Amino acid sequence: MAFRRHSLSTSIAHLHGDERTVGSPLNAAELVALRRTRLFGATGTVLMAIGALGAGARPVVQDPTFGVRLLNLPSRLQTVALTMTTTGAVMMALAWLMLGRFALGKRRMSRSQLDRTLLLWMLPLLVAPPMYSKDVYSYLAQSQISRLGLDPYRVGPAPALGLDHVFTLSVPSLWRETPAPYGPLFLWIGRGISALTGENIVTAVLCHRVVVLLGVGLIVWAVPRLAARCGVAEVSALWLGAANPLLLMHLVAGIHNEALMLGLMLTGTEFALRGITAAQPLLPSNRHEWAPLAGLLIGAVLITMSSQVKLPSLLALGFVAMALGWRWGGDLRAFLLAGTSMAALAAAVTGLIGWASGLGFGWVFTLGTANVVRSWMSPPTLIALGTGQVGILLGLGDHTTAVLSLTRAIGVLIIAVLVVWLLLVVFNGRLHPVGGLGVALGITVLLFPVVQPWYLLWAIIPLAAWATRPNFRIAVIAVTLVVGIFGPTANGDRFALFQIVDATLASAVVVLGLFLLTYRRLPWRELPAEADTPTGSAADEEQTPRPAAATDAYADSP
(Lines give C-alpha, C1' and ligand atoms only; values in the text may rest on other atoms or scores of the structure.)
Protein backbone atom coordinates (compact mmCIF):
# COMPACT_ATOMS: atom_id res chain seq x y z
CA MET A 1 0.00 0.00 0.00
CA ALA A 2 1.49 3.26 -1.08
CA PHE A 3 1.63 6.06 1.45
CA ARG A 4 3.56 9.25 1.97
CA ARG A 5 5.63 10.01 5.05
CA HIS A 6 5.36 13.35 6.82
CA SER A 7 7.23 14.92 9.70
CA LEU A 8 5.15 14.60 12.83
CA SER A 9 6.12 18.10 13.87
CA THR A 10 4.46 19.71 10.85
CA SER A 11 1.70 22.07 11.97
CA ILE A 12 -1.87 21.51 10.91
CA ALA A 13 -1.84 25.08 9.67
CA HIS A 14 0.42 24.05 6.80
CA LEU A 15 -1.99 21.42 5.56
CA HIS A 16 -4.38 22.14 2.76
CA GLY A 17 -7.21 20.61 0.76
CA ASP A 18 -10.87 19.87 1.25
CA GLU A 19 -10.15 17.33 3.96
CA ARG A 20 -8.98 20.07 6.32
CA THR A 21 -12.38 21.75 6.45
CA VAL A 22 -15.82 20.58 7.42
CA GLY A 23 -17.36 22.02 4.26
CA SER A 24 -20.58 23.90 3.65
CA PRO A 25 -23.97 22.48 4.66
CA LEU A 26 -26.08 20.72 2.05
CA ASN A 27 -28.43 22.77 -0.05
CA ALA A 28 -32.17 22.05 -0.35
CA ALA A 29 -31.85 19.73 -3.36
CA GLU A 30 -29.07 17.76 -1.71
CA LEU A 31 -31.09 17.36 1.48
CA VAL A 32 -33.94 15.85 -0.51
CA ALA A 33 -31.49 13.52 -2.27
CA LEU A 34 -29.94 12.59 1.08
CA ARG A 35 -33.31 11.61 2.53
CA ARG A 36 -34.11 9.51 -0.53
CA THR A 37 -30.70 7.84 -0.37
CA ARG A 38 -31.23 7.10 3.32
CA LEU A 39 -34.62 5.53 2.53
CA PHE A 40 -33.17 3.51 -0.37
CA GLY A 41 -30.49 2.03 1.89
CA ALA A 42 -32.97 1.35 4.70
CA THR A 43 -35.20 -0.50 2.23
CA GLY A 44 -32.20 -2.62 1.34
CA THR A 45 -31.48 -3.59 4.94
CA VAL A 46 -35.18 -4.37 5.50
CA LEU A 47 -35.02 -6.75 2.51
CA MET A 48 -31.87 -8.29 3.98
CA ALA A 49 -33.61 -8.85 7.31
CA ILE A 50 -36.66 -10.46 5.70
CA GLY A 51 -34.51 -12.60 3.41
CA ALA A 52 -32.43 -13.73 6.40
CA LEU A 53 -35.49 -15.62 7.67
CA GLY A 54 -34.81 -18.07 4.85
CA ALA A 55 -31.22 -17.41 3.79
CA GLY A 56 -29.67 -16.52 7.12
CA ALA A 57 -27.93 -18.75 9.65
CA ARG A 58 -30.96 -19.74 11.73
CA PRO A 59 -30.40 -22.11 14.66
CA VAL A 60 -30.99 -25.80 14.12
CA VAL A 61 -33.24 -25.95 17.19
CA GLN A 62 -35.18 -23.25 19.04
CA ASP A 63 -35.89 -21.46 15.76
CA PRO A 64 -38.57 -18.89 16.73
CA THR A 65 -39.88 -18.75 13.16
CA PHE A 66 -40.55 -22.49 12.91
CA GLY A 67 -44.23 -23.17 12.45
CA VAL A 68 -45.16 -19.48 12.27
CA ARG A 69 -46.91 -19.12 8.92
CA LEU A 70 -45.73 -15.70 7.83
CA LEU A 71 -42.27 -15.82 9.39
CA ASN A 72 -41.62 -19.35 8.19
CA LEU A 73 -42.54 -18.56 4.58
CA PRO A 74 -39.02 -17.39 3.49
CA SER A 75 -37.51 -20.71 4.66
CA ARG A 76 -39.83 -22.56 2.26
CA LEU A 77 -38.96 -20.23 -0.62
CA GLN A 78 -35.21 -20.30 -0.25
CA THR A 79 -34.31 -18.99 -3.70
CA VAL A 80 -36.67 -16.06 -3.19
CA ALA A 81 -35.20 -15.44 0.27
CA LEU A 82 -31.68 -15.51 -1.14
CA THR A 83 -32.75 -13.10 -3.87
CA MET A 84 -34.15 -10.70 -1.28
CA THR A 85 -30.97 -10.87 0.81
CA THR A 86 -28.71 -10.31 -2.19
CA THR A 87 -30.88 -7.52 -3.59
CA GLY A 88 -31.01 -5.80 -0.21
CA ALA A 89 -27.25 -6.02 0.21
CA VAL A 90 -26.68 -4.50 -3.23
CA MET A 91 -29.17 -1.70 -2.52
CA MET A 92 -27.49 -0.89 0.79
CA ALA A 93 -24.03 -0.91 -0.81
CA LEU A 94 -25.17 1.37 -3.64
CA ALA A 95 -26.89 3.69 -1.17
CA TRP A 96 -23.60 3.88 0.76
CA LEU A 97 -21.81 4.74 -2.46
CA MET A 98 -24.31 7.52 -3.21
CA LEU A 99 -24.01 8.70 0.39
CA GLY A 100 -20.36 9.37 -0.35
CA ARG A 101 -21.44 12.33 -2.50
CA PHE A 102 -22.55 14.02 0.71
CA ALA A 103 -19.45 13.04 2.69
CA LEU A 104 -16.59 13.99 0.35
CA GLY A 105 -17.71 17.05 -1.58
CA LYS A 106 -17.38 20.74 -0.86
CA ARG A 107 -20.82 20.58 0.75
CA ARG A 108 -21.15 17.82 3.28
CA MET A 109 -23.83 16.35 5.45
CA SER A 110 -23.53 16.93 9.17
CA ARG A 111 -22.37 14.41 11.71
CA SER A 112 -25.89 13.91 13.09
CA GLN A 113 -27.25 13.30 9.58
CA LEU A 114 -24.71 10.55 9.07
CA ASP A 115 -25.35 9.10 12.53
CA ARG A 116 -29.10 8.93 11.88
CA THR A 117 -28.51 7.27 8.53
CA LEU A 118 -26.24 4.65 10.05
CA LEU A 119 -28.71 3.95 12.86
CA LEU A 120 -31.64 3.65 10.44
CA TRP A 121 -29.74 1.16 8.29
CA MET A 122 -28.72 -0.92 11.29
CA LEU A 123 -32.13 -1.20 12.95
CA PRO A 124 -33.64 -3.92 10.66
CA LEU A 125 -30.50 -6.04 11.01
CA LEU A 126 -30.62 -6.00 14.81
CA VAL A 127 -33.68 -8.28 14.92
CA ALA A 128 -32.75 -10.46 11.94
CA PRO A 129 -31.21 -13.93 12.26
CA PRO A 130 -27.40 -14.05 11.98
CA MET A 131 -26.22 -13.61 8.40
CA TYR A 132 -23.15 -14.53 6.36
CA SER A 133 -21.65 -16.58 9.20
CA LYS A 134 -22.50 -19.08 11.94
CA ASP A 135 -19.64 -18.00 14.21
CA VAL A 136 -22.03 -16.70 16.85
CA TYR A 137 -23.11 -20.29 17.57
CA SER A 138 -19.48 -21.18 18.22
CA TYR A 139 -19.36 -18.22 20.63
CA LEU A 140 -22.36 -19.64 22.48
CA ALA A 141 -20.91 -23.14 22.70
CA GLN A 142 -17.46 -22.00 23.83
CA SER A 143 -18.98 -19.68 26.43
CA GLN A 144 -21.13 -22.53 27.74
CA ILE A 145 -18.03 -24.72 28.03
CA SER A 146 -16.40 -22.03 30.15
CA ARG A 147 -19.55 -21.66 32.25
CA LEU A 148 -19.48 -25.39 33.05
CA GLY A 149 -15.95 -25.02 34.45
CA LEU A 150 -14.24 -26.76 31.53
CA ASP A 151 -11.34 -25.29 29.55
CA PRO A 152 -12.55 -24.03 26.14
CA TYR A 153 -8.92 -23.87 25.03
CA ARG A 154 -8.55 -27.62 25.41
CA VAL A 155 -11.88 -29.08 24.28
CA GLY A 156 -14.33 -28.23 21.54
CA PRO A 157 -18.14 -28.08 21.68
CA ALA A 158 -18.79 -31.72 20.76
CA PRO A 159 -16.44 -33.35 23.32
CA ALA A 160 -17.39 -30.89 26.06
CA LEU A 161 -21.13 -30.48 25.55
CA GLY A 162 -22.06 -33.49 23.47
CA LEU A 163 -23.21 -33.70 19.86
CA ASP A 164 -26.87 -33.42 20.84
CA HIS A 165 -26.48 -30.25 22.91
CA VAL A 166 -28.64 -27.32 21.81
CA PHE A 167 -25.56 -25.16 21.14
CA THR A 168 -23.44 -27.85 19.45
CA LEU A 169 -26.15 -28.64 16.91
CA SER A 170 -25.90 -25.12 15.41
CA VAL A 171 -22.08 -25.05 15.33
CA PRO A 172 -20.65 -25.81 11.85
CA SER A 173 -19.20 -29.32 11.72
CA LEU A 174 -15.73 -27.92 10.96
CA TRP A 175 -15.56 -26.27 14.40
CA ARG A 176 -17.31 -28.85 16.59
CA GLU A 177 -14.07 -30.52 17.65
CA THR A 178 -11.81 -27.46 17.78
CA PRO A 179 -10.98 -25.39 20.88
CA ALA A 180 -11.72 -21.66 21.11
CA PRO A 181 -9.28 -19.28 19.34
CA TYR A 182 -10.60 -16.16 21.08
CA GLY A 183 -9.11 -14.24 23.97
CA PRO A 184 -10.20 -14.72 27.60
CA LEU A 185 -11.94 -11.33 27.83
CA PHE A 186 -14.37 -12.26 25.08
CA LEU A 187 -15.10 -15.70 26.53
CA TRP A 188 -15.48 -14.10 29.95
CA ILE A 189 -18.16 -11.81 28.51
CA GLY A 190 -19.70 -14.80 26.74
CA ARG A 191 -19.75 -16.75 29.99
CA GLY A 192 -21.71 -13.92 31.59
CA ILE A 193 -24.18 -14.01 28.69
CA SER A 194 -24.48 -17.78 29.05
CA ALA A 195 -25.14 -17.45 32.79
CA LEU A 196 -27.80 -14.83 32.07
CA THR A 197 -29.60 -16.60 29.23
CA GLY A 198 -29.02 -20.25 30.00
CA GLU A 199 -29.56 -22.41 26.91
CA ASN A 200 -31.95 -19.99 25.20
CA ILE A 201 -30.32 -19.49 21.81
CA VAL A 202 -32.38 -16.51 20.64
CA THR A 203 -31.80 -14.49 23.81
CA ALA A 204 -28.09 -15.34 23.83
CA VAL A 205 -27.69 -14.31 20.17
CA LEU A 206 -29.43 -11.00 20.86
CA CYS A 207 -27.12 -10.41 23.84
CA HIS A 208 -24.09 -10.97 21.62
CA ARG A 209 -25.58 -8.48 19.19
CA VAL A 210 -25.73 -5.97 22.06
CA VAL A 211 -21.99 -6.55 22.56
CA VAL A 212 -21.51 -5.87 18.84
CA LEU A 213 -23.50 -2.64 19.18
CA LEU A 214 -21.25 -1.60 22.06
CA GLY A 215 -18.23 -2.16 19.82
CA VAL A 216 -19.80 -0.24 16.93
CA GLY A 217 -20.63 2.60 19.32
CA LEU A 218 -16.98 2.78 20.39
CA ILE A 219 -15.91 2.82 16.73
CA VAL A 220 -18.29 5.68 15.96
CA TRP A 221 -16.98 7.56 19.01
CA ALA A 222 -13.29 7.06 18.24
CA VAL A 223 -13.04 7.42 14.46
CA PRO A 224 -13.98 11.13 14.20
CA ARG A 225 -11.62 12.02 17.04
CA LEU A 226 -8.74 10.15 15.44
CA ALA A 227 -9.62 11.76 12.11
CA ALA A 228 -9.43 15.21 13.71
CA ARG A 229 -5.92 14.40 14.92
CA CYS A 230 -4.96 13.50 11.36
CA GLY A 231 -6.67 16.52 9.78
CA VAL A 232 -9.38 14.44 8.10
CA ALA A 233 -13.03 15.53 8.03
CA GLU A 234 -14.91 13.40 10.56
CA VAL A 235 -17.89 12.80 8.26
CA SER A 236 -15.57 11.52 5.51
CA ALA A 237 -13.83 9.15 7.93
CA LEU A 238 -17.10 7.87 9.40
CA TRP A 239 -18.63 7.32 5.98
CA LEU A 240 -15.66 5.29 4.72
CA GLY A 241 -15.11 3.40 7.97
CA ALA A 242 -18.04 3.14 10.38
CA ALA A 243 -20.77 3.27 7.73
CA ASN A 244 -18.97 0.81 5.47
CA PRO A 245 -21.30 -1.93 4.15
CA LEU A 246 -18.86 -4.59 5.35
CA LEU A 247 -19.42 -3.40 8.92
CA LEU A 248 -23.18 -3.58 8.55
CA MET A 249 -23.15 -6.92 6.75
CA HIS A 250 -20.57 -8.79 8.79
CA LEU A 251 -20.23 -7.13 12.18
CA VAL A 252 -23.86 -6.13 12.81
CA ALA A 253 -25.71 -8.74 10.75
CA GLY A 254 -23.00 -11.40 11.06
CA ILE A 255 -22.39 -10.79 14.81
CA HIS A 256 -18.59 -10.93 14.85
CA ASN A 257 -16.40 -10.06 17.80
CA GLU A 258 -14.28 -7.82 15.56
CA ALA A 259 -16.70 -5.05 16.51
CA LEU A 260 -15.64 -5.20 20.16
CA MET A 261 -11.98 -5.66 19.24
CA LEU A 262 -11.91 -2.66 16.91
CA GLY A 263 -14.00 -0.50 19.24
CA LEU A 264 -11.68 -1.07 22.21
CA MET A 265 -8.56 -0.71 20.05
CA LEU A 266 -9.58 2.58 18.43
CA THR A 267 -10.92 4.06 21.66
CA GLY A 268 -7.73 3.08 23.45
CA THR A 269 -5.64 4.63 20.68
CA GLU A 270 -7.55 7.91 20.98
CA PHE A 271 -7.09 8.05 24.77
CA ALA A 272 -3.42 7.15 24.47
CA LEU A 273 -2.68 9.81 21.84
CA ARG A 274 -4.60 12.33 23.92
CA GLY A 275 -2.32 11.55 26.85
CA ILE A 276 0.82 11.68 24.72
CA THR A 277 -0.19 15.04 23.26
CA ALA A 278 -0.66 16.50 26.74
CA ALA A 279 2.55 14.97 28.09
CA GLN A 280 5.86 16.79 28.42
CA PRO A 281 8.01 16.60 25.29
CA LEU A 282 10.85 15.30 27.47
CA LEU A 283 10.87 12.52 30.06
CA PRO A 284 8.85 13.69 33.10
CA SER A 285 11.08 14.78 36.00
CA ASN A 286 8.43 15.03 38.75
CA ARG A 287 5.07 13.55 39.63
CA HIS A 288 3.09 16.57 38.38
CA GLU A 289 4.46 16.12 34.87
CA TRP A 290 3.29 12.50 34.87
CA ALA A 291 -0.37 13.50 35.45
CA PRO A 292 -1.25 14.02 31.75
CA LEU A 293 -0.22 10.44 31.09
CA ALA A 294 -3.43 9.21 32.75
CA GLY A 295 -5.04 9.16 29.31
CA LEU A 296 -2.13 7.12 28.03
CA LEU A 297 -2.64 4.62 30.85
CA ILE A 298 -6.36 4.30 30.11
CA GLY A 299 -5.66 3.94 26.40
CA ALA A 300 -3.01 1.26 26.91
CA VAL A 301 -5.37 -0.72 29.15
CA LEU A 302 -8.17 -0.52 26.55
CA ILE A 303 -5.86 -1.61 23.74
CA THR A 304 -4.64 -4.56 25.81
CA MET A 305 -8.26 -5.47 26.57
CA SER A 306 -8.97 -5.44 22.83
CA SER A 307 -6.14 -7.93 22.31
CA GLN A 308 -7.89 -10.22 24.79
CA VAL A 309 -10.70 -10.43 22.26
CA LYS A 310 -8.44 -10.98 19.25
CA LEU A 311 -4.66 -10.65 19.35
CA PRO A 312 -3.87 -8.56 16.20
CA SER A 313 -5.17 -5.38 17.85
CA LEU A 314 -2.14 -5.45 20.18
CA LEU A 315 -0.25 -3.85 17.29
CA ALA A 316 -1.86 -0.56 18.32
CA LEU A 317 0.06 -0.62 21.61
CA GLY A 318 3.34 -0.87 19.71
CA PHE A 319 2.57 2.26 17.70
CA VAL A 320 1.44 4.08 20.84
CA ALA A 321 4.75 3.17 22.49
CA MET A 322 6.70 4.46 19.49
CA ALA A 323 4.71 7.70 19.49
CA LEU A 324 5.45 8.12 23.19
CA GLY A 325 9.15 7.45 22.58
CA TRP A 326 9.20 10.10 19.86
CA ARG A 327 7.44 12.55 22.17
CA TRP A 328 10.07 11.92 24.84
CA GLY A 329 12.94 12.75 22.54
CA GLY A 330 13.29 9.91 20.06
CA ASP A 331 16.56 8.59 21.50
CA LEU A 332 17.51 5.13 22.74
CA ARG A 333 16.59 5.93 26.35
CA ALA A 334 13.12 7.10 25.32
CA PHE A 335 12.70 4.03 23.09
CA LEU A 336 13.57 1.63 25.90
CA LEU A 337 11.50 3.40 28.55
CA ALA A 338 8.40 3.76 26.36
CA GLY A 339 8.67 0.22 25.01
CA THR A 340 9.30 -1.51 28.33
CA SER A 341 6.62 0.48 30.16
CA MET A 342 3.95 -0.38 27.58
CA ALA A 343 5.06 -4.02 27.47
CA ALA A 344 4.96 -4.27 31.27
CA LEU A 345 1.52 -2.71 31.40
CA ALA A 346 0.22 -5.05 28.71
CA ALA A 347 1.63 -8.06 30.54
CA ALA A 348 0.03 -6.93 33.79
CA VAL A 349 -3.41 -6.38 32.22
CA THR A 350 -3.20 -9.67 30.32
CA GLY A 351 -2.25 -11.54 33.49
CA LEU A 352 -5.04 -9.87 35.45
CA ILE A 353 -7.69 -10.79 32.85
CA GLY A 354 -6.39 -14.35 32.62
CA TRP A 355 -6.47 -14.71 36.41
CA ALA A 356 -9.82 -12.98 36.99
CA SER A 357 -11.56 -14.92 34.23
CA GLY A 358 -10.02 -18.20 35.31
CA LEU A 359 -9.12 -18.94 31.69
CA GLY A 360 -5.37 -18.37 31.99
CA PHE A 361 -3.20 -18.26 28.90
CA GLY A 362 -4.41 -21.31 27.02
CA TRP A 363 -5.67 -19.09 24.20
CA VAL A 364 -2.05 -18.48 23.12
CA PHE A 365 -1.84 -22.09 21.93
CA THR A 366 -5.10 -22.03 19.95
CA LEU A 367 -4.46 -18.91 17.85
CA GLY A 368 -3.83 -21.03 14.76
CA THR A 369 -7.15 -22.85 14.96
CA ALA A 370 -8.61 -20.97 11.99
CA ASN A 371 -5.68 -22.01 9.78
CA VAL A 372 -7.55 -25.18 8.83
CA VAL A 373 -9.58 -22.95 6.52
CA ARG A 374 -8.04 -22.49 3.07
CA SER A 375 -9.20 -19.00 2.21
CA TRP A 376 -8.83 -17.79 -1.37
CA MET A 377 -8.76 -14.20 -0.09
CA SER A 378 -5.34 -14.84 1.50
CA PRO A 379 -2.59 -14.41 -1.15
CA PRO A 380 -0.16 -16.87 0.54
CA THR A 381 -2.91 -19.48 0.71
CA LEU A 382 -4.07 -18.76 -2.84
CA ILE A 383 -0.52 -19.16 -4.19
CA ALA A 384 -0.15 -22.47 -2.39
CA LEU A 385 -3.48 -23.76 -3.67
CA GLY A 386 -2.61 -22.74 -7.22
CA THR A 387 0.85 -24.31 -6.99
CA GLY A 388 -0.63 -27.52 -5.64
CA GLN A 389 -3.07 -27.75 -8.54
CA VAL A 390 -0.26 -27.18 -11.04
CA GLY A 391 1.70 -30.01 -9.42
CA ILE A 392 -1.30 -32.31 -9.75
CA LEU A 393 -1.78 -31.39 -13.42
CA LEU A 394 1.91 -32.06 -14.12
CA GLY A 395 1.70 -35.45 -12.45
CA LEU A 396 4.03 -34.47 -9.58
CA GLY A 397 1.51 -35.30 -6.85
CA ASP A 398 -0.44 -33.17 -4.42
CA HIS A 399 2.03 -31.13 -2.38
CA THR A 400 -0.45 -28.40 -1.44
CA THR A 401 -0.03 -28.89 2.31
CA ALA A 402 3.76 -28.60 2.17
CA VAL A 403 3.64 -25.54 -0.08
CA LEU A 404 0.98 -24.03 2.15
CA SER A 405 3.24 -24.27 5.19
CA LEU A 406 6.02 -22.54 3.25
CA THR A 407 3.98 -19.70 1.75
CA ARG A 408 2.22 -18.96 5.04
CA ALA A 409 5.53 -18.89 6.90
CA ILE A 410 6.97 -16.48 4.33
CA GLY A 411 3.88 -14.30 4.67
CA VAL A 412 4.22 -14.13 8.47
CA LEU A 413 7.92 -13.27 8.12
CA ILE A 414 7.14 -10.43 5.71
CA ILE A 415 4.49 -9.13 8.13
CA ALA A 416 7.01 -9.10 10.98
CA VAL A 417 9.67 -7.27 8.96
CA LEU A 418 7.31 -4.60 7.60
CA VAL A 419 5.62 -4.00 10.96
CA VAL A 420 8.98 -3.49 12.66
CA TRP A 421 9.95 -1.03 9.94
CA LEU A 422 6.69 0.89 10.37
CA LEU A 423 7.23 1.05 14.12
CA LEU A 424 10.67 2.57 13.59
CA VAL A 425 9.28 5.08 11.09
CA VAL A 426 6.72 6.22 13.68
CA PHE A 427 9.44 6.38 16.34
CA ASN A 428 11.49 8.62 14.06
CA GLY A 429 8.53 11.00 13.74
CA ARG A 430 8.01 10.49 10.01
CA LEU A 431 4.61 8.78 10.13
CA HIS A 432 1.48 9.35 12.18
CA PRO A 433 0.84 6.42 14.56
CA VAL A 434 -2.74 6.06 13.30
CA GLY A 435 -1.41 5.74 9.76
CA GLY A 436 1.27 3.30 10.87
CA LEU A 437 -1.34 1.18 12.65
CA GLY A 438 -3.67 1.17 9.65
CA VAL A 439 -0.91 0.22 7.20
CA ALA A 440 0.42 -2.45 9.56
CA LEU A 441 -3.02 -4.01 9.95
CA GLY A 442 -3.50 -3.79 6.17
CA ILE A 443 -0.27 -5.72 5.61
CA THR A 444 -1.29 -8.21 8.30
CA VAL A 445 -4.65 -8.84 6.65
CA LEU A 446 -3.12 -9.08 3.18
CA LEU A 447 -0.53 -11.69 4.20
CA PHE A 448 -2.51 -13.45 6.94
CA PRO A 449 -2.83 -17.24 6.54
CA VAL A 450 -6.64 -16.90 6.66
CA VAL A 451 -8.61 -13.88 5.47
CA GLN A 452 -12.34 -13.47 5.98
CA PRO A 453 -14.33 -10.57 4.45
CA TRP A 454 -14.75 -8.82 7.81
CA TYR A 455 -10.98 -8.91 8.45
CA LEU A 456 -10.66 -6.11 5.90
CA LEU A 457 -12.22 -3.78 8.46
CA TRP A 458 -9.11 -4.16 10.65
CA ALA A 459 -7.33 -1.89 8.17
CA ILE A 460 -10.14 0.03 6.51
CA ILE A 461 -11.47 1.68 9.67
CA PRO A 462 -8.19 3.09 11.08
CA LEU A 463 -7.00 4.07 7.60
CA ALA A 464 -10.29 5.91 7.00
CA ALA A 465 -9.27 8.25 9.84
CA TRP A 466 -5.86 8.97 8.31
CA ALA A 467 -5.60 8.45 4.56
CA THR A 468 -6.99 11.09 2.22
CA ARG A 469 -5.70 10.21 -1.22
CA PRO A 470 -8.44 9.59 -3.81
CA ASN A 471 -6.64 6.43 -4.94
CA PHE A 472 -6.98 4.97 -1.45
CA ARG A 473 -10.67 5.75 -1.30
CA ILE A 474 -11.27 4.32 -4.76
CA ALA A 475 -9.48 1.12 -3.72
CA VAL A 476 -11.54 0.82 -0.53
CA ILE A 477 -14.78 1.46 -2.42
CA ALA A 478 -13.89 -1.17 -5.03
CA VAL A 479 -12.91 -3.78 -2.44
CA THR A 480 -16.01 -3.05 -0.37
CA LEU A 481 -18.37 -3.44 -3.32
CA VAL A 482 -16.68 -6.56 -4.69
CA VAL A 483 -16.37 -8.34 -1.34
CA GLY A 484 -19.72 -7.10 -0.06
CA ILE A 485 -21.75 -7.95 -3.16
CA PHE A 486 -19.87 -10.93 -4.59
CA GLY A 487 -18.40 -12.30 -1.38
CA PRO A 488 -19.51 -15.43 0.48
CA THR A 489 -23.25 -16.07 0.27
CA ALA A 490 -25.19 -16.12 3.53
CA ASN A 491 -25.32 -19.75 4.64
CA GLY A 492 -24.22 -20.55 1.09
CA ASP A 493 -23.35 -24.17 1.80
CA ARG A 494 -27.09 -24.84 2.16
CA PHE A 495 -27.94 -23.71 -1.36
CA ALA A 496 -27.52 -25.52 -4.64
CA LEU A 497 -25.49 -23.84 -7.37
CA PHE A 498 -28.59 -23.22 -9.51
CA GLN A 499 -30.25 -21.42 -6.58
CA ILE A 500 -27.29 -19.10 -6.17
CA VAL A 501 -27.17 -18.42 -9.92
CA ASP A 502 -30.92 -17.82 -10.11
CA ALA A 503 -30.85 -15.51 -7.10
CA THR A 504 -27.90 -13.56 -8.51
CA LEU A 505 -29.55 -13.07 -11.89
CA ALA A 506 -32.88 -12.12 -10.32
CA SER A 507 -31.14 -9.62 -8.04
CA ALA A 508 -29.34 -8.09 -10.99
CA VAL A 509 -32.63 -7.62 -12.84
CA VAL A 510 -34.34 -6.10 -9.78
CA VAL A 511 -31.47 -3.71 -9.09
CA LEU A 512 -31.35 -2.67 -12.75
CA GLY A 513 -35.08 -1.97 -12.65
CA LEU A 514 -34.67 0.09 -9.46
CA PHE A 515 -31.87 2.02 -11.09
CA LEU A 516 -34.06 2.93 -14.07
CA LEU A 517 -36.99 3.87 -11.84
CA THR A 518 -34.91 6.05 -9.51
CA TYR A 519 -32.43 7.49 -12.00
CA ARG A 520 -33.89 10.99 -11.71
CA ARG A 521 -34.83 10.78 -8.05
CA LEU A 522 -31.63 9.48 -6.45
CA PRO A 523 -28.12 10.98 -6.76
CA TRP A 524 -26.83 8.41 -9.25
CA ARG A 525 -25.38 11.43 -11.05
CA GLU A 526 -23.66 14.41 -9.51
CA LEU A 527 -26.25 16.94 -8.40
CA PRO A 528 -26.23 20.40 -9.98
CA ALA A 529 -24.29 22.96 -7.97
CA GLU A 530 -26.67 25.29 -6.16
CA ALA A 531 -25.78 28.23 -4.01
CA ASP A 532 -28.77 28.01 -1.69
CA THR A 533 -28.52 26.63 1.83
CA PRO A 534 -31.00 24.46 3.73
CA THR A 535 -34.29 26.19 4.41
CA GLY A 536 -37.90 25.40 5.28
CA SER A 537 -38.56 21.78 6.13
CA ALA A 538 -34.88 21.01 5.91
CA ALA A 539 -34.02 23.39 8.71
CA ASP A 540 -34.43 20.74 11.36
CA GLU A 541 -31.95 18.43 9.69
CA GLU A 542 -28.84 19.87 11.29
CA GLN A 543 -27.01 23.06 11.98
CA THR A 544 -23.70 23.76 10.35
CA PRO A 545 -21.07 21.66 12.17
CA ARG A 546 -17.96 23.23 13.57
CA PRO A 547 -14.52 22.33 12.25
CA ALA A 548 -12.75 19.73 14.35
CA ALA A 549 -9.33 20.99 15.33
CA ALA A 550 -6.34 18.75 14.97
CA THR A 551 -4.85 19.38 18.37
CA ASP A 552 -1.72 17.30 18.43
CA ALA A 553 1.54 17.19 16.56
CA TYR A 554 0.54 14.03 14.70
CA ALA A 555 -1.65 15.92 12.26
CA ASP A 556 -0.34 14.59 8.96
CA SER A 557 -1.84 12.17 6.50
CA PRO A 558 -0.98 11.18 2.96
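Here are some notes:
- Whole-Å distance, taken between Cα centres, linking region 113-190 and region 49-79: 20
- The 1.4 Å probe gives accessible areas that order Phe319, Phe498, largest first, as Phe498, Phe319.
- Note: relative contact order over the chain, using C-alpha pairs below 8 Å and six or more positions apart, is 24 percent.
- Reported label for calculated volume of the Cα convex hull per residue in Å³ given (1) 168; (2) 178; (3) 219: (1)
- Per residue, the solvent-accessible area of the chain (1.4 Å probe, heavy atoms of protein chains only, all protein chains present) comes to 42 Å².
- Segment Ala508-Val479, extension gain: residue separation times 0.36 nm, minus the distance between their alpha carbons: 8.5 nm
- Helical segments meeting 27 Å axial Cα length and Kyte-Doolittle -0.5 threshold in the chain (DSSP H): 28-55, 78-99, 201-229, 258-278, 332-357, 400-427, 497-517
- Estimated inter-spin distance, Ser405 and Arg374, nm [label 7 Å along Cα→Cβ]: 1.6
- Simple spin-label estimate for Leu517 and Val412 in nanometres, 7 Å along Cα-Cβ: 5.3
- Cβ-derived FRET efficiency at R0 25 Å, Ala195 paired with Asp164, nearest 0.05: 0.70
- Packing order of peptides 336-342, 50-56, highest average first: 50-56, 336-342 (average count of other Cβ atoms within 10 Å over each peptide's residues).
- Distance between the 7 Å Cα→Cβ label points at Leu393 and Arg333: 6.3 nm.
- Sulfur and carbon atoms: percent of accessible area, the chain [1.4 Å]: 67
- Ligands, DNA and RNA aside, His256 has an accessible area near 0 Å² when probed at 1.4 Å.
- Full extension of the chain between Arg469 and Leu382 yields a length gain of 28.4 nm, computed as 0.36 nm times the residue separation minus the alpha carbon distance.
- When the surface is traced with a 1.4 Å probe over the full set of protein chains, Ser24 keeps roughly 60 Å² accessible.
- Full extension of the chain segment joining Arg116 with Arg154 gains 9.3 nm, where the gain is 0.36 nm per residue of separation less the Cα-Cα distance.
- Anisotropy class of region 402-467 from Cα gyration tensor, a/c 1.5 cut: oblate
- Remark: the Cα gyration tensor places region 182-288 in the oblate category, a/c being 1.5 or greater and a/b not exceeding b/c.
The values are calculated or read from the model by the stated rules, or taken from the named source; none is laboratory data. Just so it is clear, the model here is predicted, and its values are computed rather than measured. Here the Cβ is made from the backbone with ideal geometry for all residues, glycine too, and neighbour counts use every protein chain on show. For the accessible areas, the whole protein counts, side chains as well, though only heavy atoms, and no ligand, DNA or RNA atoms are used. Shrake-Rupley method; radii C 1.70, N 1.55, O 1.52, S 1.80 Å.
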